[in-house]
1. If amide hydrogens are placed 1.01 Å from N in the peptide plane, which non-local residues have theirs closer than 5 Å to the one on PHE19?
2. Leaving out ligands, DNA and RNA, and with a 1.4 Å probe, what % of the accessible surface on region 40-109 is carbon or sulfur?
3. Solvent-accessible area of SER8, probe 1.4 Å, all protein chains present, reported in Å² to the nearest ten, please.
4. Using r as the Cβ-Cβ distance of TYR68 and LYS30, and R0 as 41 Å, what FRET efficiency do you calculate, to the nearest 0.05?
5. Taking region 14-65 on its own, what percent of its Cα-Cα pair distances exceed 19 Å?
6. Nearest 0.05, what FRET efficiency do THR49 and SER8 give at R0 = 22 Å with Cβ-Cβ as r?
7. Say the dipole of region 20-109 comes from +1 at the beta carbon of Lys and Arg and -1 at that of Asp and Glu; which of PHE55, PHE74, ILE27 then lies farthest toward its positive end?
8. May I have the pair-distance distribution P(r) for region 50-90, computed from all Cα-Cα distances with 5 Å bins from 0 and rounded to whole percent?
Amino acid sequence: RLDRLKFSHLHYPEHQVRFTLEEWYEIIKKATNVQETKGIGYISCLPYTPMLSPFYKEDNMHGALFRYLRGTLFEWGPLKPMEIALSRSLGTVGLFKGWCNSSLLICKGDEDAKKEDL
């Protein structure tokens, strides 16, 4: 799991294995060639903002706000095309690659590298 919010006050079961993008990159590049990194999901990271508070807990108002934002507000259909457009425009731009909900490591396997050499 790629974890953008690696703060000591956040403890939840699905984050048993928590790596930053840089840590994932170092692991993946040992097995294959990472050609580029793209950011995906700029609007979908906004529901996570209540987790920035050191008072965040799943069972308090911060947790309720997170669940509402993630499960209701940001599932609104018209936001999907905006999310795609932002990902396409910001996903390859320097600092913005890492300030998103997800990252895509585009890898080139040995077979691909050999084809390009021909």
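1. Counting only residues 5 or more places away or on other chains, the set is ASP3.
2. So the carbon and sulfur contribution to the accessible surface is 70 percent.
3. Its heavy atoms expose roughly 100 Å² to the probe.
4. Step by step, r from the Cβ atoms, then E = 0.50.
5. When all Cα pairs of region 14-65 are counted, 51 percent exceed 19 Å.
6. FRET efficiency, THR49 to SER8: 0.80.
7. ILE27
8. The calculated distribution, bin by bin, is 5, 23, 19, 16, 15, 14, 7, 0.
The values are calculated or read from the model by the stated rules, or taken from the named source; none is laboratory data. Please read these numbers as outputs of a predicted model, since none were measured by experiment. Ideal geometry is used to build each Cβ from the backbone, glycine not excepted, and the neighbour counts take in all protein chains shown. These area figures cover heavy atoms from the full protein model, side chains too; ligands, DNA and RNA do not enter into them. Shrake-Rupley method; radii C 1.70, N 1.55, O 1.52, S 1.80 Å.
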